[in-house]
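Values in this text are rule-based calculations from the coordinates and carry no lab data. Since the structure is predicted, the reported quantities are computational estimates derived from the model, not experimental observations. Cβ placement follows ideal geometry from the backbone for every residue including glycine, while neighbour counts extend to all protein chains displayed.
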Amino acid sequence: MFSRGVPLLLAIAGVCNALVPHRIAAARSNALSAFKSNFPPVEGEETDKPAAAAKTESDAASDASRAALEASFAVEAAPVAEPAAGAALLDALTGKTKGADLGPLIDACEDSYDKRSFDENAILGPWRLKYQLDGKKAQRSQKLLAPDKTGFPADSDFITDDKGRKVFRNVARLSKKRVAVIADVAYEVSEGIPNRLLSDIVAASIQIQVGKRFGLPLLRIPLPLKGLGWLDVTYLDDKLRVTRGNRGGLFVHVRPELDK
């Protein structure tokens with residue numbers, strides 16, 4: 001029953017010691033907080049403004065036209081994600097559109113998304129990975145656990161864990177029900193880049209369900225995966241999210257109920 005999962009399991013176990021790209025020094029009590037120092041807050045708006053020029057009869061615009069002009073600038077600056085772009089990509093990912101080239105559809109979503117519109121609450125809950133393009137610096141574990149390699153779905157869930165940490169829990173299945181690699185990644189929203197999640201792998205393990213009906217406990221084998229990084233949310237709506245990681249990876253997720 002593990003014909004596909006066991007070879008991958010052995011491969012992952014064999015390389016896991018090489019999968020620790022950024023060891024965290026023992027003296028650092030809070031790695032994620034320290035990492036945040038690399039992304040200082042964006043400076044506030046300047047408070048010193050030049051005094052408004054006195055109105056004269058030569059002013060070309062009336063008060064009404066000035067208000068309309070300011071309103072037009074406000075509309076242009078408002079953060080807006082284009083629904084049509086997201087709908088087109090979602091249709092392609094869920095099979096409603098056959099043979100679509102995902103690249104231009106992803107680009108259209110990202111081009112329509114203003115990073116200022118990122119809402120942390122909107123990303124909470126479960127997601128299913130539908131598209132993954134690894135960067136040249138991607139870890140071997142990331143490549144091995146991609147759904148096109150395992151043949152099984154990969155999910156992530158933005159939750160608060162039992163220690164009160166905000167984490168996204170990545171679950172890569174190596175069999176239909178019994179074997180999975182699970183990694184908890186703690187995150188915080190960057191103060192300087194509003195759509196960036198600063199991340200820290202805080203727990204990782206291979207979990208094997210060896211005999212549930214016989215009352216046997218879940219077997220957990222810890223993995224020595226540690227590392228700091230970041231994930232940029234480049235598109236987000238209630239059904240779809242696109243993210244890019246610090247190692248160059250591109251990931252597209254949908255809500256699980258849409259993946260039928």
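Annotations
- Proximal charge balance of residue 169 [Cβ under 15 Å; K/R count +1, D/E count -1]: 0
- All Cα pairs of region 162-260, percent lying beyond 22 Å: 42 percent
- Neighbour counts of other Cβ atoms within 10 Å put 201, 206 in the fewest-to-most order 206, 201.
- With a simple spin-label model that places each label point 7 Å from the Cα along the Cα-to-Cβ direction, the separation between residue 210 and residue 246 comes to 3.6 nm.
- Full-extension gain in nm, residue 149 to residue 255, via 0.36 nm per residue minus C-alpha separation: 36.0 nm
- From least to most packed, judged by other beta carbons within 10 angstrom and beginning with the fewest, 220, 247 follow the order 220, 247.
- Rounded to the nearest whole Hz, the Karplus-based 3J(HN,Hα) values (6.51 cos²θ - 1.76 cosθ + 1.60, θ = phi - 60°) of region 229-240 follow the sequence x, 8, 9, 8, 8, 9, 7, 7, 9, 6, 10, 9, with x at glycine and proline.
- Cα-Cα over 21 Å, subset of 176/239; 98/130; 163/226; 96/260; 96/130: 176/239
- Sorting 91, 200 by the number of Cβ atoms found within 10 Å of their own Cβ, with the fewest placed first, yields 91, 200.
- Neighbours of residue 239, meaning other residues whose beta-carbon lies under 10 angstrom from its beta-carbon, give a summed charge of -1 when Lys and Arg score +1 and Asp and Glu score -1.
- For the pair residue 115 and residue 189, the difference between a 0.36 nm per residue extended length and the Cα-Cα distance amounts to 25.4 nm.
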